[in-house]
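The values are calculated or read from the model by the stated rules, or taken from the named source; none is laboratory data. As the structure is a computational prediction, the values presented were derived from the model and not from experiment. So basically every Cβ, Gly included, is an ideal-geometry build from the backbone, and we count neighbours across all protein chains shown. Ligands, DNA and RNA are excluded from the accessible area calculation, which covers all protein heavy atoms including side chains. Shrake-Rupley method; radii C 1.70, N 1.55, O 1.52, S 1.80 Å.
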Protein chains: 2
Amino acid sequence: MNSDFTLAIHSLTFLALQTDRMSTSEAISESAGVHPVRIRKVLSLLKKHGFIKSKEGTGGGFIFVLDLSEVNLWDIYKITSEGALKPKCPDSNENCIVGANMERVLCSIFFGVEEHMGEYLKEYTIKEVVNLVK
Amino acid sequence: MNSDFTLAIHSLTFLALQTDRMSTSEAISESAGVHPVRIRKVLSLLKKHGFIKSKEGTGGGFIFVLDLSEVNLWDIYKITSEGALKPKCPDSNENCIVGANMERVLCSIFFGVEEHMGEYLKEYTIKEVVNLVK
DNA sequence: CGTTCTGTAATAGTAAACATTACAGATAAG
DNA sequence: CTTATCTGTAATGTTTACTATTACAGAACG
């Protein structure tokens with residue numbers, strides 16, 4: 001799994017503490033220790049899903065649109081990393097009963113894991129993450 | 001996450017269908033589509049934890065020791081991949097309240113996720129995986 | 001109309017995963 | 001007692017995934 005999920009959480013938490021004005025991708029990237037372009041890529045996903053809005057040009061940047069308690073970590077996971085737990089099975093042997101069926105079985109198990117994980121992540125909203133950070 | 005976890009499941013499932021004789025790392029690797037050395041590495045972990053035993057030399061290989069319903073996927077996960085969900089946070093900015101605290105917060109959340117996932121994985125034993133494969 | 005931003009593609013660099021080679025040691029069979 | 005077979009493990013090479021960097025078009029604002 002790449003770190004888009006954690007970067008998204010970091011960015012939204014950052015924005016959550018700056019709801020009165022817009023934050024630039026550079027300011028967020030300095031907080032997170034990554035390149036501004038990555039921040040813009042991740043945030044463009046979050047924008048598409050209506051969590052934040054952005055503005056170009058002087059004084060522009062990113063800002064929260066929703067209430068902090070409306071956004072939970074499962075929403076963010078689905079946007080940034082859904083399916084990331086699914087194992088990448090190499091070409092196994094179709095002539096072996098195990099090789100021929102393992103991918104299907106593993107995929108169904110990991111799908112269940114992800115759904116189950118979702119139930120847990122839904123309990124965390126950005127508001128709660130902010131409280132933990134403070 | 002690497003695929004040690006899924007390779008371990010694949011290998012144990014393979015062994016579960018050959019409980020009367022030993023299987024070589026090459027036979028298992030052909031089923032799983034990976035290099036025999038990787039199989040031996042993963043299986044050496046499982047051996048240390050008493051799930052299987054091995055024998056060198058002619059007629060040697062790997063064989064199940066425990067009952068199939070004694071081994072569940074959480075046991076296997078812990079051996080092969082515990083902590084793999086923990087995000088690798090780059091050096092974030094200590095002068096920013098978010099950067100300074102995010103790693104700690106994320107680690108505690110992901111630790112909880114892993115524990116919660118464990119409750120789910122405990123429900124799957126190798127016996128059940130075998131039934132799904134067949 | 002120049003400056004400051006986002007948006008996004010294209011390229012380069014780095015790190016993690018995986019394969020391969022090599023060889024020592026154990027075991028069984030001839 | 002020697003040869004073939006197999007595990008155990010380290011060392012090295014290769015590939016793939018992730019991340020950084022560069023580049024530039026387009027929007028907003030003074």
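A few notes on this one:
- Filter result (over 25 Å from B:Glu103 (Cβ atoms), under 16 Å from the mean Cα position of the chain (by Cα) and open to solvent by less than 50 Å² (accessible area, probe 1.4 Å)) within the range A:37-74: A:Gly50
- Of everything listed in (1) within 11 Å of DNA strand C (Cβ to nearest atom); (2) open to solvent by 10 Å² or more (accessible area, probe 1.4 Å); (3) in contact with a strand residue (DSSP E or B) (Cβ under 9 Å, 6 or more places away or on another chain), the single unmet condition for B:Val34 is (3).
- Residue that is surrounded by the fewest Cβ atoms within 10 Å (Cβ to Cβ), among those in the range B:75-127 that are in contact with a strand residue (DSSP E or B) (Cβ under 9 Å, 6 or more places away or on another chain) and facing chain A (nearest Cβ under 10 Å): B:Glu123
- Residue list for the range B:15-25, restricted to those being more than 9 Å from DNA strand D (Cβ to nearest atom) and either facing another protein chain (nearest Cβ under 10 Å) or in contact with a helix residue (DSSP H, G or I) (Cβ under 9 Å, 6 or more places away or on another chain) (or both): B:Leu15, B:Ala16, B:Leu17, B:Gln18, B:Thr19
- If only residues of the range A:4-14 that are open to solvent by less than 30 Å² (accessible area, probe 1.4 Å) and either within 10 Å of DNA strand D (Cβ to nearest atom) or modelled with pLDDT under 95 (or both) are counted, the one that is nearest to the other protein chains (Cβ to nearest Cβ) is A:Thr6.
- Check on B:Asn95, touching a Lys or Arg at 6+ places or on another chain (Cβ under 9 Å), of a type in the set (S, T, N, Q) and away from DNA strand C (no atom under 16 Å from the Cβ): no
- Matching residues, the range A:26-74, being more than 27 Å from A:Glu119 (Cα to Cα) and away from DNA strand D (no atom under 14 Å from the Cβ): A:Ala27
- Meets criteria (more than 8 Å from chain A (Cβ to nearest Cβ), touching an Asp or Glu at 6+ places or on another chain (Cβ under 7 Å) and farther than 22 Å from A:Asn131 by Cβ) for B:Ser69: no
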